[in-house]
Structure formats: C-alpha cells, structure tokens
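Worksheet: one structure, shown below.
The values are calculated or read from the model by the stated rules, or taken from the named source; none is laboratory data. Note that the structure is a prediction, hence the values are computed from the model and not measured. All Cβ positions, even for glycine, are placed from backbone atoms using ideal geometry, and neighbour counts span all protein chains on display.
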Amino acid sequence: MAQSEADWEEYAKNTFSPIIRAHYYFTVWRNYRILLFGLNFPSGSILEIGSSTGQISLRLSLKYKLKPVLVDNSQIALALAKYNFKNTGIQPKLIFGDALSLSLNQKFDIVHSHGLLEHFERREQQIVFLNHVNHLKTNGLLICWVPTPDWTYRINRWYLENTNQWIFGFEQPIPPNEFIEIFERHHLRIIRIRHMPGWIGILALKP
C-alpha cells in the first residue's frame, strides 16, 4: 500500500536541517523556476497535495502572489508549514488529509505536487493524479514532479538503504514515457517538460 511504511513525521523534521533547506532552495526551487521561466503565471489560488512543510508553495506564493492551500497527512508537517509561513504576510489554509480521498469544495488556478505519486502503487497513482486534475479550474495549470528510475536514482537509493537512512517507505519511480502518458490520458495539454538525472517535472494546462 501507499505510504504506511514511510516516516513522514521524521522527514518533516529533517526539512529544517541546513542540508535539506539548501537542497530545497538550490535544487527543487531552481527546477521549478526553470520549468516556469518566461511564462505568464496566473495569480489566484494554489493547491499543493502532499505539501510537507510547504517550502515550495511558500516561494511560489511570494513570487506570484498566490493564495495557498496545503494538504498533507502529517500533523507535524502542517505545524511546521505554519511556522514557515510566519511573518511572510501569507496565511495558508492547512488541511490534514489523504491524497487518495481528497475532496475539497474548491477548484484552484494551480495544483502542484513534488515527490508524491511515486509513493503509491500504479492503480492508486491514477486516483491521486485524478484528484490533482479534479481540483483544477478550466485553464488552470498542473505542475507535477516525480523521480525516474535512472542510474542516479538507483545509486542514491542504494546508498540510503544500505546506510539505514531510507525513511520513504514504498517508492516506485515512474519512467518518463509513462509519466507523460498519464497527462495525455487525462487530456491535459503539456506546456513544458524538465527532465534531469533522477527527476522529471511536467507543466500542463487543463483545457
């Protein structure tokens, strides 16, 4: 099953370490900026599914003047997200919820997730991805990042598992062609793809 073996409470705490914060800023945030570079990004609302401590939604909200809603199944992660947003002038709506059963009475201009889908088996991935799409407005943007099963991923995972540092439980990286097919199956118009060692990110529009 999906995330039962993962220690997301521990992961949330680790995001405050200098090394992980640097990773978020210099790698994750940098890749978001490259994916979005030069685009007319809509102001409005943004939903992050599997937000953890909300570091990327915070940066997106500050840069593009967005109203964020964060969903996660870790109370510690949401508490730390609230702390992250403190003194920024932005008050996120924090929702304790499960990506598999997510049903909010709202649609958003932007929906995004980073490192979420791979923690579900293939059938559940389809449900979680559909929950992304169903919470998106017409002409809204979907941003989704997942790891890919290349040599970079395999070496990194091997090291973490063999040094007892793997805390992510079940994780099944998604080949790029399969990831693209998921978007096409839901009739989303892919605007841009960023593929680097170990990860792929796709920006798409819901017609």
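Quick notes on this one:
- From Trp166, Trp158, residue being surrounded by fewer than 20 Cβ atoms within 10 Å (Cβ to Cβ), touching a helix residue (DSSP H, G or I) at 6+ places or on another chain (Cβ under 6 Å) and more than 22 Å from Leu36 (Cα to Cα): Trp166
- Scanning region 30-55 for residues being in a loop (DSSP other than H, G, I, E, B) and over 15 Å from the mean Cα position of the chain (by Cα) gives a total of 7.
- Look at region 127-149: where a residue is over 22 Å from Gly44 (Cβ atoms) and modelled with pLDDT of 95 or more and a partner is aromatic (Phe, Trp, Tyr) and part of a helix (DSSP H, G or I), sitting 6+ places away or on another chain with Cβ atoms under 7 Å, you get Val146/Phe179; Pro147/Tyr153.
- Applying the criterion of being under 16 Å from the mean Cα position of the chain (by Cα) and free of Cβ contacts under 8 Å to residues at least 40 places away in the same chain to the residues of region 95-126, the residue that is farthest from Trp8 (Cα to Cα) is Ile95.
One line per residue, one yes/no per condition, for (1) among the small types (Gly, Ala, Ser); (2) out of contact with any strand residue (DSSP E or B) (no Cβ under 9 Å at 6 or more places or on another chain); (3) over 22 Å from Ser57 (Cα atoms):
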{"position": "Gln126", "(1), (2), (3)": "no, yes, yes"}
{"position": "Phe129", "(1), (2), (3)": "no, no, no"}
{"position": "Pro173", "(1), (2), (3)": "no, no, yes"}
{"position": "Arg185", "(1), (2), (3)": "no, yes, yes"}
{"position": "Ile190", "(1), (2), (3)": "no, no, no"}
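- Check on Ala81, surrounded by 13 or more Cβ atoms within 10 Å (Cβ to Cβ), assigned to a helix (DSSP H, G or I), aliphatic (A, V, I, L, M) and in contact with a Pro (Cβ under 8 Å, 6 or more places away or on another chain): yes
- Subset of region 56-74 that is in contact (Cβ under 8 Å) with a residue 40 or more places away in the chain and assigned to a helix (DSSP H, G or I) - its residue that is surrounded by the most Cβ atoms within 10 Å (Cβ to Cβ): Ser57
- Of the criteria (1) modelled with pLDDT of 95 or more; (2) surrounded by fewer than 20 Cβ atoms within 10 Å (Cβ to Cβ); (3) closer than 21 Å to Ile56 by Cβ, which one Gly198 fails: (1)
- Filter result (crowded, with 18+ Cβ neighbours inside 10 Å and hydroxyl-bearing (Ser, Thr, Tyr)) within region 25-38: Tyr32
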